[in-house]
């Protein structure tokens, strides 16, 4: 068995949709797709795949990611419909960015895996709500730590990655070892459940796919992680020190203070919604800042799904970080937005043209709305309105190409603030983390080869992979683990092979492949012939020994060596006269016993067995 | 290997659930409850039996709590704070959120109302809760390297879970209270089909809801209100009862039975502002009901109650419904309300927790329906109303399906006409109706669960002995599963599964997966039944594909045991296989053969004068297939084959395998040279006997 792992990311010209996945191929035909997005955002491309005819792969997503992802997809479709309503369809098949030219680049073998033998063309055009519903219905949702069994041979588990609500790392385990897929992970999150590194510890293979570009130019200072630091508990603490979360909070605070400055100057602030967790935290922080500076500026959230999203995020303690769980236990809402909405500090509206919004509208204000690409949704209208105001502020995340994003709105005098939030581990933490996780083999992205050197690592081996490329990995373990029922084990008849110092015994039962395990259970009808006799023999019989053994059993015969056959030069024949006429023909690889009486025959076999090794 | 099971509470009784199980050296305490009927040392499990030295941290690896009822969690703060257990405690998120409220409620009942000495303080509860690790349903939690636990949805009350525990190859499930039939409030228990050595199941699940006794305590309002603002925009509704927390929690947390609706509900209820909290709750439950198939039985039972209630109010009487376990009262309330609407009834229904049911209304003229807590009439408002309404024959009191011994409810159920209360005698003349539905599982539910899980052993706890004995009998006789019901402080030891671990080579696994078709003529049985009726063409062919795993286990010094295919063994040893075969050149009288087959093969039989190989083989196949019930005879023209038995016509004058002498000269004798491997010796000898017509002699 070999694992074939392909890893690639689809990216679109505008990064509207991207879908990251791995295909893992085992036992030649068993195929799996794992949804492994860094966040619920990562699944936006899924309907394109699932609506294909013949799509048959299994999809696993965490429950929270599936729900938030569904909302995101619905919103995207809603916005696209609106877009087409206003501007018309540029082409009958939908806008340029909807063309999946990149999927064409997939290795043909993998296209077959994903789409079945036909490999029919991926349809163009934007999926509709029905496609999203259909897509979600094909998905199997999991909770953190829940075991999903694929076809009896694999166990699939999701563990929190800490990056966003529902974002996870995956562990796939089978009888021949386990693979951990690590996507962007965050040690200390202010919203999502912390990175569960313990679950990943001790995996045979780690597919490292934390491709966050953050700090990729940073120098790697390894002095603080010396090799002699073997206490991983200590090492872990140094890795997950709260610098990061403090840093993240500082970034949030900075955005908030910029926003406050803007509104104080009479401008408005536009914050496109990107990652759910960041959005929720920012909402809380801005409200606190406003409170402190005793400003009474309305905060609007304009999104068709915001109402549901806000309600949902406040009911999922199982997916959130420790501090937020504590809030549940002490009777507080998980996120502050519940209270803020009630206090009418935050206003939620489904669309920019909602009558209530129009009645309520006040400027300056702070608006959260989709879409972060600035090509869809309420952001377009608001940008048009504020782009000329030098007091207004636009907050973008770093992964958006700001130049490109604001291009249609030029000339722009509005301030643009670009911030980068952690979307994965910092590079200098990669190596120590992998050391802690103690895998046997690590698959590392080729593009990072120059940034992270593993030359001094001895505890595991490293291979590099590139996008859209398939690598074959030899079996992780030589043999699969087999569990033998005690009933069978108690009936073992051991045989000692002296020259090899081996103990061997014959084994018989029924093999069950269940829940990723191989089990050998007793046969249903143990009746049959209790085969205590060996059936496998080896060794070369010697005429003298054979005669001696035979005579012990009261069988007498004589050896004849004069075989005329050329092929059996080292063979001989024993002619038995007593007790009955019979013949034993011994050649290099076979002994033929010819006896009319079956009792005599079996006695001769016994004698043979005594001089041959067998089991 | 064995599982040791020490029952510290709820052994042959109801109350203070506590079972300590030792699996492969790991010790888990399931539930840590208190007995509500006692005031002395009997109210807590006898923890000293766990560890003589009271070193509980070393004696117990973890505590698992199934749900927040006091008979399952009541002793926890005592055990952790007074007895000093510091290890991990596992419970579900809802239980973690609700447990401190329940415990605090109980503590206040003891101290504020009964004026007793508190066994633990509020600080104790808070400290105890810090040791809790909340788990999600279905989440596999690795307590330590060897011990694994997992919670499964149990229905019953919010957050209730069954727990699966596994150490090495031994596994068990402890159910706590559960229900196997869904109601409008919560779904039925859900669990995977697991390989279990032991199932410990609660028999008679009667959550004791004394905590609700003081839900009217005004001093609570602020706190509950505060807690009620939990999770979602629910604080606007000032709630008087803990039930409301439950309801709001229910909205906020997934309940598997409502998976489809859950998301919609969450958003609806999180954002819609309604005037009446009652209306809101009602709507929620209605929505829930639409997703949950109500079982027919439960509907009928509920309907009976409604009819009885209707009859009473029609006669101008007042109906008191002491509200019992969470959810049930609401359920009945919805049913009644629907009925009222349909029948256009105007008689008021009060839900004392919702409407500020004024005390003056108690003695107001005219019929009404009142839901009031607590359920077993142990005190509080329901008892107060009871005192007023019980003497009138017109009135009706419905009682929950179960009332603890010693409570007024229990006395009423046993038909006591006069009840003594605080020195005054109450003459009970009102009608009494016992509600048949209870949130606890019934005998059928347990049987269903036991059948579904098919464990090696069942232990029944949390039930009265005589009732459990019947079920024990049924489990043993109907399901053939060993079952016992130990008393408190008794220990049960049951054997557990153990697997021998070995590596298995690919070749071995592959060989196990190879199809192993066997074509069986239904001959043997059929022949005896319908004799000559069966002609060759009509015999049905049975195809069996029972794959047999056969290999060799190799144990090499200082290396892991390995299972290999036999071919691999030879490679390992560097040896070549030496086959032991049999050969026999069998003489057959052609006349005999001919005689045997003339009926079917008359024209061709004549050809035997010039013996032709394939026709001889054909004749032989025809003969053998009649005589042999086993084996699949394959005719290859030049030779025939049955398993490893190979036969061809021998035309040699002197064949080395022609052992028997003197037959060569006999006329019309054909020789068939046979070879076979030792494995098929039995079969081969049978075939030869058949060929030589010795079969009769042999048998």
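What follows draws every value from the coordinates through simple rules; no lab data is involved. Please read all numbers here as calculations on a predicted model, not as lab measurements. When we count neighbours, we look across all protein chains shown, and the Cβ atoms used for this are built from the backbone with ideal geometry, even at glycine.
What list do you get for A:384, A:510, B:346, B:658 if you sort them by fewest beta carbons within 10 Å?
Sorted ascending by nearby Cβ count, the order is B:346, A:384, A:510, B:658.
Taking the Cα-to-Cβ direction at residue A:556 and at residue B:541 and moving 7 Å from each Cα, how far apart do the two end points lie in nm?
It works out to 5.3 nm between the two label points.
Sort B:35, B:388, B:72 so the one with the fewest other Cβ atoms within 10 Å of its own Cβ comes first.
So the ranking, lowest neighbour count to highest, is B:388, B:35, B:72.
Counting only other chains, and only Cβ atoms inside 10 Å, what mean value do you get across the residues of A:474-485?
6
Can you pull the Kirkwood radius for region A:543-611, inverse mean 1/r over Cα pairs, to one decimal in Å?
11.9
Within 10 Å of each Cβ in B:501-510, how many Cβ atoms from other chains are there, averaged over the peptide?
Average neighbour count from other chains, rounded to a whole number: 6.
Which of B:501, A:251 has the fewest other C-beta atoms within 10 Å, and how do the rest follow up to the most?
B:501, A:251
Separation between the residue B:476 and residue A:288 pseudo-spin-labels, each 7 Å from Cα along Cα→Cβ, expressed in nm?
The answer from the label model is 6.4 nm.
What order do you get for A:461-469, B:365-373 when each peptide is scored by the mean count of other beta carbon atoms within 10 Å, highest first?
Top to bottom by mean Cβ count within 10 Å: B:365-373, A:461-469.
Computed FRET efficiency, Cβ-Cβ of residue B:144 and residue A:322, R0 22 Å: what is it to the nearest 0.05?
The formula returns an efficiency of 0.60 here.
Return the FRET efficiency for the residue pair residue A:330, residue B:82: r is the Cβ-Cβ distance, R0 is 22 Å, and the value is rounded to the nearest 0.05.
0.40
Along the Cα→Cβ direction, 7 angstrom out, place labels at residue A:453 and residue B:548. What is the inter-label distance in nm?
About 6.1 nm, to one decimal.
Arrange the peptides A:364-377, A:148-161, A:484-497 so that the one whose residues have, on average, the most other Cβ atoms within 10 Å appears first.
The most tightly packed comes first, giving A:364-377, A:148-161, A:484-497.
Let me know the whole percent of all Cα-Cα pairs from region A:244-419 that are separated by more than 29 Å.
17
If we sort B:13-21, B:615-623 on the protection proxy, mean other Cβ atoms within 10 Å, highest first, what's the order?
B:13-21, B:615-623
What full-extension length gain, to one decimal in nm, is calculated for residue A:469 and residue A:254 as 0.36 nm per residue of separation minus the Cα-Cα distance?
73.3 nm
At a Förster distance of 51 Å, what's the computed FRET efficiency of residue A:134 paired with residue A:446, Cβ-Cβ distance as r, to 0.05?
So, using R0 = 51 Å, E works out to roughly 0.90.
If region A:411-497 were replaced by its equivalent ellipsoid, with semi-axes equal to the square roots of 5 times the Cα gyration tensor eigenvalues, what would those be, largest first, whole Å?
Gyration-tensor ellipsoid for region A:411-497: 49, 17, 15 Å.
Please list, in order, the residues from region B:89-109 whose amide nitrogen is less than 19 Å from a point placed 7 Å along the Cα→Cβ vector of residue B:131.
B:89-93, B:95-104, B:107
Roughly how crowded by other chains is peptide B:560-573, in terms of the mean Cβ count from those chains within 10 Å of each of its Cβ atoms?
That works out to 3 on average.
Using 15 Å as the cut-off for backbone N distance, which residues of region B:411-435 belong to the label zone defined by a point 7 Å from the Cα of residue B:394 along Cα→Cβ?
Residues B:429-431 qualify, since their backbone N sits under 15 Å from the label point.
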